[in-house]
Every structure is written in C-alpha cells, then in structure tokens.
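Only one structure is covered here, and it is reproduced in the block below.
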Amino acid sequence: MNLKREEQQLTLEGKTYSIQAICQLIATASEAPSPFVQELYLFLEDWFNPSPYITVQTSGSTGTPKQLTVLKKQMIQSARLTCDFLHLKPGDAALLCMPLQYIAGKMMVVRALVAGLNLIVRTPSGHPLADIHFPLKFAAMVPLQVYNSLQILEEKECLSQIELLIIGGGAIDAALEREISQLPNIVYSTYGMTETLSHIALRRLNGIEASSHYQPFSSVKLSLSPDNTLVIDAPLVCNKQLATNDVAEIFGDGTFTIVGRKDNIINTGGIKVQAEEVEKTLRSVISVAFAITSVPDRRLGEAIVLLMENVPDLETIKEQIDHLLPKYQRPKHLYMVDCVPLTGSGKIDRAACRLLVQKQNNKDSLS
C-alpha cells in the first residue's frame, strides 16, 4: 500500500505513470480520448495539488445535493480499508465505471493509487461491461448496472468473471439478489455514504457466506440513537461521530441491518410506515420503476402514494397490492408518470417525488 500521495503512481489500462507522467496527462487533458477520461485527468490534478482537502458532492437522494470538503488522507485510509478487506494486490485489474463527481467514482481512483491497481476506465453507462473482453479482479457498480448486465448473455458472463464485485448506491431488490446469489464469483452489497468516504460495511450476497447483515470494518463502532437511527464512529475516515437518518437494527455480533431512512417514515393515521419496507414488498409484483412517497392528508396526516411508471395491467397490480399489503400500508393514491425521479447516482430522488405528487394532488383538488 502506498499511503503517501507524493509517491503514488497510477496504472491506467496496463501502463504505469509516475507523478511526472501524470502531470503530463493533466497538462493535455483537453486532448483526452473521451470526456470521461478528461474528468479523470482533472480529478488527478485535484488529487495531487498541495491542498490536503478535496471537494465531493452528495447524491441528493433525500434532499438538495451539497458539497463537502474532506481530507485526502482520510480518503486514503478508506481505500486502504477496502483493499485490505478484499486482499487486492498491485496489478489487479479494477473497473472504473462510476461518475467521478460522486464519492464512489473518486474512491475507485484512490484505491488504484493506494494499492497499485490497474485501472480500466469505461464511461459510466447502464452497460459498463459491453466492451470488456477479459477477466477483472475488482469492480464497483450500482444495482441498475448489475441488473442490465445480467440481461445480456455476454455481459452476464463477463459479470460472473469479475472476481470481486461490490454493489452500492441504491437498494438491491429481492429478485436481483436472487440472481446475484447464483453467480460463481464474490459479490458484496456495501453500506456507506459521502460523509464516510464510501462504505464502512459490507454484506456478502452469494456463496456460503451470504448474509442479510452488514459487517462493519473492525475500526468502525456503531450505536443507535433514541430514534433507532444508526450512529457511526469511524475515526479513520470521519473526524466526529456521524448521526445518520438510517433506521437500523444492531445485533450482538456487531452486524447490522438497515430498515430504511427516518426521512422516509410516513405517519399515516398515527401508524409509522417505512417507505422502503413497502417498496421491498411491492418489488415482487411491480416490474417497472416506482417509488413510495406521501402527501399531506387532512384525515390521516399523511397519505401513502405509489408513484409508478406506466404498466400494461394496472388493475391486476392493484389487486396484488391489496393481497400483499396490510390496509395501513396500502397506497391511498396512485400516480402514473413517464419517469420516476432519480438522482445523478441512480437513487430515487425522494424530495422530487414528494414535490411531484404534491403538485399532482393539488391539481386533482382543483379539478
């Protein structure tokens, strides 16, 4: 592991660059073979400048995206934790297919710099494996990329040859997890956020070690707030305790599960409903993109809303919902949209969903 920025090198597509050579790449960023590679060069310029800090952007999945200033030395520690856990070695091929404005993409580059990985670069897309024709040691993807890759035989074969795959940035539904459980390689779901500089815990999705619980890194200490939200003490990557909005359950062995976000609790008629739990149940019958949200309601306080892209057999889905969900969890309103709002990192944009249904509800009230 190379923990000193001034001594780090970058291996890119099989060619190793010293800091001097990296400076030459940065100087010719405008001549980069693609806009994404240009972004990579600009990130390297930011990484190797004298400042001990770097700016990262949150995804905005629960509100307005914001920028955070973080220490580069803590990003290095985060990279070390992941590379140690996964036993990554110099020369291991690692796929960068995540946007570089978010922490997930930045940390893939930092892991390559710290561990001497061979960084394979593909412009972020729904099909990052479309032109990969050789085995990869390591890759990080969002659930949508994994789902898309499983739909095409050649990409599925490539996916199964990635020795170590981590999946983050969004929920993995039960159907996708069942497919992943059949893969022969090693696949983890990650838990973390921008503030923790990527993940601080992993959950194995397949093989004999598959689990529904996340295992935190040994340096991470967890507790619960009075509201049962997760409190993270990760001194290597975060200067102070981080009080999250994630409602969690911690077990005696130190592992934990996430129930949902406190922000996404809907208080309907005095009963608290976790939006993510309802979504998890509905994924078994709804194949299109959808989200559970709410609108203010004079009688209930908040009314549950199902926001869904167009489906061919709406009446059948309504019947299935009535059978699947107890009465207090059933949506009181159903709105069809062309596209469920998503953030730049592919998560449900909760704030945009609430705004969308509130506007629709106001129209309905006036009509």
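Readers should treat all values here as calculations from the given coordinates under stated rules, not as data from a laboratory. This is a predicted model, so every value here is computed, not measured. Here the Cβ is made from the backbone with ideal geometry for all residues, glycine too, and neighbour counts use every protein chain on show.
The table that follows gives values for the structure above.
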item: Virtual spin-label span in nm between E319 and Y53, 7 Å along Cα→Cβ; result: 6.0
item: Leading residue at positive end of dipole, the chain (Cβ point charges), from V56, Q151, I317; result: V56
item: Gain in span if fully extended, I208 to Y328, counting 0.36 nm per residue against the direct Cα distance; result: 39.5 nm
item: For a label point 7 Å along the Cα-to-beta-carbon line of V311, residues of region 240-283 with backbone N under 20 Å; result: 274-283
item: At most 15 other Cβ within 10 Å, DSSP loop - trypsin sites (Lys or Arg not before Pro), region 1-38; result: K4
item: Selected from S223, S78, S198 as most flexible by GNM, with the chain as the system and alpha-carbon contacts under 10 Å; result: S223
item: Length-normalised contact order of region 221-367 in % [C-alpha pairs under 8 Å, at least 6 apart]; result: 15
item: Sequence-separation-based contact order of region 203-289, relative, with Cα cut under 8 Å and 6+ spacing, percent; result: 18
item: Highest-MSF residue in the chain out of G105, G254, G168 [GNM, Cα springs under 10 Å]; result: G254
item: The chain, relative contact order [Cα under 8 Å, separation at least 6], %; result: 12
item: Spacing of the two label points (7 Å from each Cα toward its C-beta) at N245 and D84, in nm; result: 3.2
item: Listed residues F256, F36, F134, most fluctuating in the chain (Gaussian network, C-alpha, under 10 Å); result: F134
item: Pairwise centroid distance, computed over Cα atoms, of region 248-321 with region 144-214, Å; result: 23
item: Listed residues L40, I103, N118: farthest to the positive end of the dipole of region 21-127 (Cβ charges); result: I103
item: Mean ellipticity per residue at 222 nm, deg cm²/dmol - from DSSP H runs of n ≥ 4 across the chain, formula -39500 (n - 2.57); result: -9000 deg cm²/dmol
item: Inverse mean reciprocal Cα-Cα distance (Kirkwood Rh) of region 244-339, Å; result: 14.4
item: Residue-span extension gain [S160 to M336] - 0.36 nm each, minus C-alpha spacing; result: 59.8 nm
item: Inter-label distance, nm, simple model (7 Å from Cα along the C-beta direction), K359/Q151; result: 2.7
